[in-house]
Amino acid sequence: MKQAPQAEVFNLKVEFSREDDGRWIADISALPGVTVYGRTRKQALTAAEALALRVIADRVEHGEATMAV
């Protein structure tokens, strides 16, 4: 029986900052383009996680090399 490939685990650092108008910014520098806004820090984190998953899935789908984090 063929074994399933092992999943890779990514630990991505999320950096937060806050705009003068109160919006939160969440940025994952290891994934260029993954920078999002949220009304709260939690919303910004949730949006950053969702976008990061889409970016990683797109890379896998297109056979791009995984990142070294």
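Please treat every number below as a calculation from the coordinates, not as lab data. All of these numbers come straight from a predicted model, not from anything done at the bench.
Per residue, the average separation of C-alpha pairs within less than 8 Å and at least 6 apart gives the chain a relative contact order of 22 percent. Computing Rg and the Kirkwood Rh from the Cα coordinates of the chain gives a ratio, Rg/Rh, of 1.10.
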